[in-house]
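Shown next, in structure tokens, is the structure this report addresses.
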Amino acid sequence: MKTVHKITKAIKVLWTFLFFVLLISSCMSKTFHRNSTHKNVSTESIEKGQKLAKIYCQSCHMLPDPSLLDARSWEKGVLPQMGPRLGIFNYGFQAYPRSGDFNIGADFYPAYPVLSFLDWQNILDYYEATSPDSLPPQKRNQPIRDGLSLFKVENPAINYQNSATCYVKILPSDSSHSIIIADAMKKELLFLNKNLQVKDSVKTGGPIVDIDFDKDNMLACDIGILNPNNGKFGKAEVINFDSKGHLYNDSVPLIENLQRPVQITTVDLNNDGKHDYLVCEFGYLTGSLSWFENEGNGQFKKHVLRNVPGAIKAYVQDYNHDGLPDLWVLFAQGDEGVFLFTNKGNGNFDQEQVLRFPPSYGSSYFELDDFNKDGYPDILYTCGDNADFSAILKPYHGVYIFMNDKKNHFTQKYFYPINGCYKAIARDYDGDGDLDIATISFFADYEKQPEEGFVYLENTGNFNFIPYSLKGTQVGRWITMDAGDIDGDGKTDLILGNFSIKPSMMKHIIDWKLSPPFIVLKNIGKGK
């Protein structure tokens, strides 16, 4: 009996041990919240999908969390676009979209799937089942106020329907013209005086989206075809003045066969005394950040600094004071973030990613500004490009400030949510000694919050900004903006460019196609 009793006791101890092992194992296993349309997806498939996503979804960009998008956007938008990049072109009776554009090359997509269909289903289950049914609303600590008194809206003398303003610029007050605007459909540049009257114009080869200014001429960045494509239709066009002071476009481009360039900057990157050119070829599925070495006699040699699409804005700055121009560059389109290219001499650069964002952010613009006046550049950043595969309002869209620790490590200090935020310019608009922020949105919530189209953030100290808007700014859909002193009174004005012809996710009560091509926000404050 004693032997039987000992065996029974041992069995009880063993079962007790196994119970606690299973309990601990259960507690350690992950619990996944499923949305309303994917409640029956197995935990095993989700767990496998999570592990596989770290391998395949993180190979090209920051690993996106399922919570960044709603389930429908993952299922109908993003994942079908990702499939072909993994060699999966048809799955579940669905043909995935892929580009047949010969410009991207035959080897852009894998010839065969890089993972099994079962593994692909695991990834689908992870993102489609654990993402929310809908994204949460914005979380604003302060609502946008009406009654901004610092600016007064001024309309130009020129007006025409279906404006597609793709570039605006305020020139220095001692220039022969005060304002330049470019229209993508008309393919021309208009030059206006301080009274907003057109005084000159010049035809261009295509839509001009940026201009680099020299004392003798202007270097215009012609994107080629504005809509997404992989072609090399862009070019650098030189605009000169004739003997009578009138403008004309050189018949031969300085540089051509560029892939949707959005910025071209004149800079001597190798210190040989000749003008080289830094080019942000935004592209689409393919693109690059490159510089064109001036070899003389109108010949240029292309050097690729980063062979991916999405280069959208670059600044040249010798941040380490070694006499060599360094580069700060924002990339959108996939692997989004701010990169610092340190010039090592002889055309060589080190590359460091100082900020990184998920691919759903839709990075749209950044500036280098010194908010705490310590002599080191901080980063003002906007995200809000919604012309992608998840055209929904996103609570993380808006304007951010990242502070520099004096070693080019950046930490987020401020965020204000603005749906579809497209650009932000920090200046001391009210003359009180600190930096305020003017913003525009191209994908605002026009149905419920049309005031998001233009938001002014007044700096009241300690990174507290009071948000304002102005009713007169709701007449257009703003894709571009510039700041400067139009009339020479010492105060910073603003100009907003109306791109009226692109469809919006939601309708506005105002027909932007009947609105002026731009408006000016005249600074009527007291100044310094």
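If one takes the longest principal axis of the Cα atoms in the chain, at what angle in degrees, from 0 to 90 and to the nearest 10, does the Cα axis of helix 43-56 lie?
Approximately 40 degrees, to the nearest 10.
Around Tyr414, which amide H atoms from residues at least 5 apart in sequence, or from another chain, sit under 5 Å from its own amide H, with H modelled in the peptide plane?
Amide H neighbours of Tyr414: Ile401.
At a threshold of 8 angstrom on Cα-Cα distance, excluding pairs fewer than six apart, so keeping six or more, what relative contact order does the stretch 128-206 reach in percent?
20 percent
Treating the angle as unsigned and between 0 and 90°, give the value, to the nearest 10°, between the Cα long axis of helix 117-130 and the longest Cα principal axis of the chain.
The answer is roughly 80 degrees.
Using a/c under 1.5 as the rounded threshold, could you call the stretch 87-210 rounded, prolate or oblate? The axes a ≥ b ≥ c are square roots of the C-alpha gyration tensor eigenvalues, and prolate needs a/b larger than b/c, oblate otherwise.
oblate
Just how large is the dipole of the chain about the Cα centre, in debye to the nearest 20, putting +1 at every Lys and Arg Cβ and -1 at every Asp and Glu Cβ?
Charge dipole of the chain: 2480 debye, to the nearest 20.
Keeping to pairs on different chains or 8 or more places apart, tell me how many lysine pairs in the stretch 74-223 have Cα atoms under 19 Å apart.
The number of close lysine pairs in the stretch 74-223 is 12.
Whole-Hz ³J(HN,Hα) for each residue in the stretch 135-142, computed from phi via Karplus 6.51 cos²θ - 1.76 cosθ + 1.60 with θ = phi - 60°, x for glycine and proline: what do you get?
For the stretch 135-142, the Karplus curve yields 6, x, x, 4, 10, 9, 7, 9 Hz.
In the chain, what percent of the accessible surface is made up of carbon and sulfur (1.4 Å probe, ligands and nucleic acids excluded)?
That share works out to 52 percent.
Among Ile181, Ala164, Ile524, whose Cα projects farthest towards the positive end of the dipole of the chain, with charges put on the beta-carbon of Lys, Arg (+1) and Asp, Glu (-1)?
It is Ala164.
Which of [x] 27.8; [y] 25.5; [z] 24.4 is the computed Kirkwood radius over Cα pairs in Å for the structure on display?
Recomputing Kirkwood radius over Cα pairs in Å here picks out [y].
Would you mind putting 154-165, 236-247 in packing order, based on average other-beta-carbon counts within 10 Å, highest first?
Result, highest mean first: 154-165, 236-247.
What order, most packed first, do the peptides 271-280, 472-481, 323-332 have when packing is the mean number of other Cβ atoms within 10 Å of each residue?
Per-residue mean Cβ counts within 10 Å order the peptides as 472-481, 323-332, 271-280.
Please say if the stretch 305-447 is rounded, prolate or oblate, where rounded means a/c under 1.5 for a ≥ b ≥ c the square roots of the C-alpha gyration tensor eigenvalues, and otherwise the choice is prolate for a/b larger than b/c and oblate otherwise?
Oblate shape, in that a/c is at least 1.5 and b/c is the bigger or equal ratio.
For the stretch 188-238, what is one quarter of the convex hull surface built on the Cα atoms, given in nm²?
The orientation-averaged projected area of the Cα hull of the stretch 188-238 comes to 4.3 nm².
Can you give the calculated 222 nm mean residue ellipticity of the chain, where each DSSP H run of n ≥ 4 adds -39,500 (n - 2.57) and the sum is split over every residue, rounded to the nearest 500 deg cm²/dmol?
-3500 deg cm²/dmol
For a protection proxy built on the mean count of beta-carbon atoms within 10 angstrom, sort 344-356, 414-426, 111-123 highest first, please.
My ranking of the peptides, most packed first, is 414-426, 111-123, 344-356.
Relative contact order for the chain: what is it in percent, counting Cα pairs under 8 Å that are at least 6 residues apart?
Relative contact order, the chain: 13 percent.
Taking amide hydrogens as modeled 1.01 Å from N in the peptide plane, which residues meet the under 5 Å criterion relative to Asp268, leaving out close sequence neighbours?
Answer set, sorted by chain and number: Asp276.
Set Lys and Arg Cβ to +1 and Asp and Glu Cβ to -1, take the dipole of the chain about its Cα centre, and tell me which of Met403, Gly87, Tyr422 lies farthest positive.
Comparing the listed Cα positions along the dipole, Gly87 ranks first.
Give me the 1.4 Å probe accessible area per residue for the chain, excluding ligands and nucleic acids, in Å².
Here the residues of the chain average 48 Å² of exposed surface.
What's the extension gain from Asn462 to Ala391 if we count 0.36 nm per residue and subtract their Cα-Cα distance?
22.1 nm
Given the stretch 443-528, report the % of alpha carbon pairs whose separation exceeds 19 Å.
45 percent
With θ set to phi - 60°, apply the Karplus curve 6.51 cos²θ - 1.76 cosθ + 1.60 along the stretch 317-332 and write out the HN-Hα couplings as whole Hz, x wherever there is a Gly or Pro.
7, 7, 5, 9, 6, 9, x, 10, x, 9, 10, 10, 9, 9, 10, 10
Pop a pseudo-label 7 angstrom from the Cα along the beta-carbon direction at both Arg140 and Lys448 and give the gap in nm to one decimal.
1.1 nm
The values are calculated or read from the model by the stated rules, or taken from the named source; none is laboratory data. Only a predicted model underlies this, so the values are computations on that prediction, with no experimental measurement involved. Ideal geometry is used to build each Cβ from the backbone, glycine not excepted, and the neighbour counts take in all protein chains shown. Surface areas here come from the heavy atoms of the whole protein model, side chains and all, with no ligands, DNA or RNA. Shrake-Rupley method; radii C 1.70, N 1.55, O 1.52, S 1.80 Å.
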